[in-house]
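Next up is a structure, given as structure tokens.
Nothing in this text is a laboratory measurement; each read-out follows from the coordinates by a stated rule. Bear in mind the structure is a predicted one, so any value in this text is a computation, not a measurement. Positions of Cβ are backbone-derived with ideal geometry, glycine not excepted, and every protein chain shown enters the neighbour counts.
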Amino acid sequence: MGYVDEVIELVVKKNPAEPEFHQAVKEVLESLRAVVDANEEKYRKEALLERIVEPDRQIKFKVPWVDDKGQVHVNTGYRVQFNNAIGPYKGGLRLHPSVNLGIIKFLGFEQIFKNSLTGLPIGGGKGGSDFDPKGKSDREILAFCTSFITELYKYIGKDMDVPAGDIGTGAREIGYMFGQYKKITGNYEGVLTGKGLTYGGSLVRTEATGYGLLYFVEEMLKCNGKDISGKTVVVSGSGNVAIYAIQKAHQLGAKVVACSDSNGWVYDAEGIDLAALKEIKEVNRARLTEYKKYRPNSEYHEGRGVWTVKCDIALPCATQNELDLEDAKTLVKNGCFAVAEGANMPTTLEATQYLQANGVLFAPGKAANAGGVATSALEMTQNSERLSWTFEEVDAKLKQIMINIFHNLDDAAKRYNAAGNYVVGANIAGFEKVANAMMAQGIY
Ligand code: NDP
Ligand code: 2IT
């Protein structure tokens, strides 16, 4: 058995009941075969693959909090500090009832390579909790966030580990966590990113993941002789990533006709009304069923099904494994020619292979959604120099970073005879830098 297969088997054996983590490791290691084969002796001696699939540290902790009726609840908190070969651990905090250790590990593992691709000095980490923010009052959110950070503060710091937002964690939650961190430690430091603009946040961070996704798609299409203008787009999700992906898609002349949440999806033939969507999701924290009140001609459908809408470009921006083989077949049948992942691992392995085999341009999340964490790194830089850059300055840097990521992985794919396979390109380009840094720093 080859080294790659041995390590995949080891990961499955050592980490039972963590299917998302197995999936992420499999995707990365299988696409590294050419690099591993070329360096097998050296990598084996150094146990490089065994070291890269093992988190540096996994912190699991109790998060007790009191609801508005005086009832005490207990959630579980996690922070997986996966790899800091090229910089402090960096990655978001997910608050969703589905969160468990395996999900945080898959996200932390992906983050290593994503952060490497940004070209900025950030290592990989991820955290979160099985707390469900839906339907909670502001005071309950504050109670949870305060308790969460009262334990987590021991393990984070501006040069050690810098958490940020993810599903269920936005500016409100980051603000509450930052406040409590400051209260406990007395330090006013950039320990979290995605902060409010009046206390160390960066312009463009809110928009960054969605905008970055579209900058990446624009470059990918351009280099394949295509143009985004005039194209029909379907986006899944209606959260932070989805909203700003829709906004930038519209700015670039495309029309987004559908989006979704975990209950259902809307189809709006005239193009999604962004002001309505923002009011529903960002202001009222409500469900997509509300959309019809703003746009009577739109359709609301319960359940899955957003991928049945005919489109040229599909942008999954909700959650892992939300686009499966059947969805991929439907997209291809309907003439979709590009899929770019705004979410982390939204496409199953079988669906990815089907799309690639059918000539669909496929942009993996660790490249296409790296604009969020890249802008977080720019927030860290601004915090360190105690300055704030203008919107235009940050946006221009973000755009250039996304263009660079595309060319970096396009080149890596070509170097290993896999031209056009952006999964292989992204994993190789992300891995090479981390592997070199690990080998240069001894054994850890
Ligand atoms: P939000 O919480 O703002 O929005 C998440 C969206 O996805 C909501 O519409 C939500 O619907 C939907 N969703 C979440 N879980 C599920 C589920 N299990 N089934 C169906 N729909 C679901 O999160 P973000 O927009 O920040 O994150 C979306 C994705 O992008 C995640 O995969 C995240 O890891 C990734 N990402 C985020 C970055 C960021 O900067 N925020 C950066 C890079 C990647 P509902 O409201 O009904 O729950
Ligand atoms: O998945 C991700 O890259 C994020 N949730 C953003 C992480 C960050 O540190 O900004």
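Residues GLY135, GLY170: which one is within 12 Å of ligand 1 (Cβ to nearest atom) and over 22 Å from the mean Cα position of the chain (by Cα)?
So the residue among GLY135, GLY170 that is within 12 Å of ligand 1 (Cβ to nearest atom) and over 22 Å from the mean Cα position of the chain (by Cα) is GLY135.
Output the qualifying pairs, or none if there are none: Cβ atoms under 8 angstrom, residues six or more apart or on different chains, first residue in region 151-166 and small (Gly, Ala, Ser), second residue within 16 Å of ligand 1 (Cβ to nearest atom) and in a strand (DSSP E or B).
ALA164/LYS90; ALA164/GLY91; ALA164/GLY92; ALA164/LEU93; GLY165/GLY92; GLY165/LEU93
May I ask you to list pairs of residues, at least six apart or on different chains, whose Cβ atoms are under 6 Å apart, with the first in region 193-218 being under 17 Å from ALA396 (Cβ atoms) and of a type in the set (D, E, K, R) and the second being within 12 Å of ligand 2 (Cβ to nearest atom) and not in a helix (DSSP H, G or I)?
Listed by first residue and then by second, the contacts come to ARG205/GLY194.
Just checking, which of ASN358, ASN427, ASN436 is more than 26 Å from ASP56 (Cβ to Cβ) and more than 16 Å from ligand 1 (Cβ to nearest atom)?
Within the list ASN358, ASN427, ASN436, the selection yields ASN358.
Can you tell me which residue in region 341-375 is nearest to ligand 2 (Cβ to nearest atom), limited to those that are β-branched (Val, Ile, Thr) and under 23 Å from ILE167 (Cβ atoms)?
VAL373
Using the structure shown, decide if GLY196 is away from ligand 1 (no atom under 16 Å from the Cβ), surrounded by fewer than 24 Cβ atoms within 10 Å (Cβ to Cβ) and more than 30 Å from VAL234 (Cβ to Cβ).
no
Looking only at residues in region 272-294 that are assigned to a loop (DSSP other than H, G, I, E, B) and buried (at least 17 other Cβ atoms within 10 Å of the Cβ), which one is nearest to ligand 1 (Cβ to nearest atom)?
Out of the qualifying residues, it is ILE272.
Continuing with the same structure: Looking at SER260, SER238, which is the one that is under 18 Å from ALA351 (Cβ atoms) and touching a residue at least 40 places away in the same chain (Cβ under 8 Å)?
Going through SER260, SER238 in turn, the sole match is SER260.
If you check LEU142 against the conditions, is it away from ligand 2 (no atom under 14 Å from the Cβ) and of a type in the set (A, V, I, L, M)?
When the stated conditions are applied, LEU142 passes them.
Here's a follow-up. Identify, by number, the condition in (1) more than 16 Å from ligand 2 (Cβ to nearest atom); (2) among the small types (Gly, Ala, Ser); (3) touching a helix residue (DSSP H, G or I) at 6+ places or on another chain (Cβ under 6 Å) that GLY212 doesn't meet.
Every condition holds for GLY212 apart from (1).
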